[in-house]
Structure formats: structure tokens, C-alpha cells
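Asker: Here it is: the structure, laid out below.
The values are calculated or read from the model by the stated rules, or taken from the named source; none is laboratory data. Keep in mind it's a predicted model, so treat the numbers as computed, not measured. Every residue, glycine among them, receives a Cβ derived from its backbone with ideal geometry; neighbour counts consider all protein chains shown.
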Amino acid sequence: MTQVTRTTRHLVAALLLLLTATACSTTQPEKGHPRMPAKSGTGELRTDLDPLTKRFPLLTAAEKAEWMSGTLGDDRVPGPSTYWIDAIVTLPQSTLVEIDRGTQENATPPAVVEGLRNHLPEGPYLTGQSLDDAFTTETWSATAYRAKNTNIVVLVARGQ
């Protein structure tokens, strides 16, 4: 066997080993923020408070609300559904004083569904753990945004 043939065989073997090893590896995860599942719903803008107050007890004091809801992900996929609610709620000032301690200003608007975007109050917004905790329950997690210098809270929530 010649030196060229032996070298060629070694290169082919190394190439096959490399291809086999990389074919079995997983893809790298995306860097940055994970992609959120798509929100689907009826597109109906609602103003009734009862469904909100059942899920978020603090909203029993709400003066008014505009909200939309639905499920996350693809309805064709079997299994339990995760629900979402995006809401713009007017609360009494006395309620807000109790829950917005330690908030910080944030210029980024809440990521609500398109049907609510034109209803968002102008920013900046106040955000913080105390606001989120006030609307998070055993079955719902919420990110809350208070429009600065107003008594309006925007909720972006998901739950069961």
C-alpha cells in the first residue's frame, strides 16, 4: 500500500468520524430571549370585570377594565392549555399606594396583543416585583406595569 493511499484512508476515516459526531449533536439554543408562544384568541375586546376579579382578587376594587384573553401556542397540539390575559385596568389610588413600593421606571411598553395596543396609556411605566406579586396567584403569573402618574395598571398574565 502506498503512502498516498494510506493517508487518503486516514483522511476519509477522520472525516467520517467528524460527520458522525456532529450529526448526533444537538443544535445550539438561541441566545437572548426565548421566543414566546403565539397568543391566540377571539379578538374580542372585553370590559366585564367578573372574569378578571375571579382570577385576580386585587381587581375587585377595579373601576374599569379593557382586556383580551385566549390560549398560548397552537390549538392543534394536544394537552392542557395555558391561558393568557392582557388587561388595562383602572384602580383606585389607595390600592396602588399599597402595591407599587420599590418600582422602577421602564420606557418599554407592555407586550400586549395587537387589539389592546392602541388602548395602552402613554409611558413611561413603573415595574417591579411588588406589582407583579400583587397580581400573581397560585394559578396565574403576572407582569404588571403601572402607567406613571396615573391609576392605570397593565397586566400581562398567563395561567391555568
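Asker: Being among the hydroxyl-bearing types (Ser, Thr, Tyr), touching a strand residue (DSSP E or B) at 6+ places or on another chain (Cβ under 9 Å) and part of a strand (DSSP E or B) narrows it down to one of 71, 150, so name that one.
Answerer: The conditions single out 71.
Asker: Do you know which residues across segment 137-157 are within 15 Å of residue 94 (Cα to Cα) and without any contact (Cβ under 8 Å) to a residue 12 or more places away in the chain?
Answerer: 149
Asker: Here's a follow-up. What is the residue count in segment 104-132 for residues that are touching a residue at least 12 places away in the same chain (Cβ under 8 Å) and of a type in the set (D, E, K, R)?
Answerer: 3
Asker: Tally up the residues in segment 22-58 that are part of a loop (DSSP other than H, G, I, E, B), surrounded by fewer than 10 Cβ atoms within 10 Å (Cβ to Cβ), at pLDDT below 80 and not hydrophobic (A, V, I, L, M, F, W, C), please.
Answerer: Matching residues across segment 22-58 total 11.
Asker: Can you find, within segment 92-117, the residue that is farthest from residue 149 (Cα to Cα) among those that are of a type in the set (A, V, I, L, M, F, W, C) and either more than 19 Å from the chain's Cα centre (by Cα) or assigned to a strand (DSSP E or B) (or both)?
Answerer: Among them, the one singled out is 99.
Asker: Return the only residue of 120, 131 being surrounded by 17 or more Cβ atoms within 10 Å (Cβ to Cβ), in a helix (DSSP H, G or I) and more than 15 Å from the chain's Cα centre (by Cα).
Answerer: On inspection, the qualifying residue turns out to be 131.
Asker: Residues in segment 114-124: is at least one under 19 Å from residue 49 (Cα atoms) and of a type in the set (Asp, Glu)?
Answerer: no
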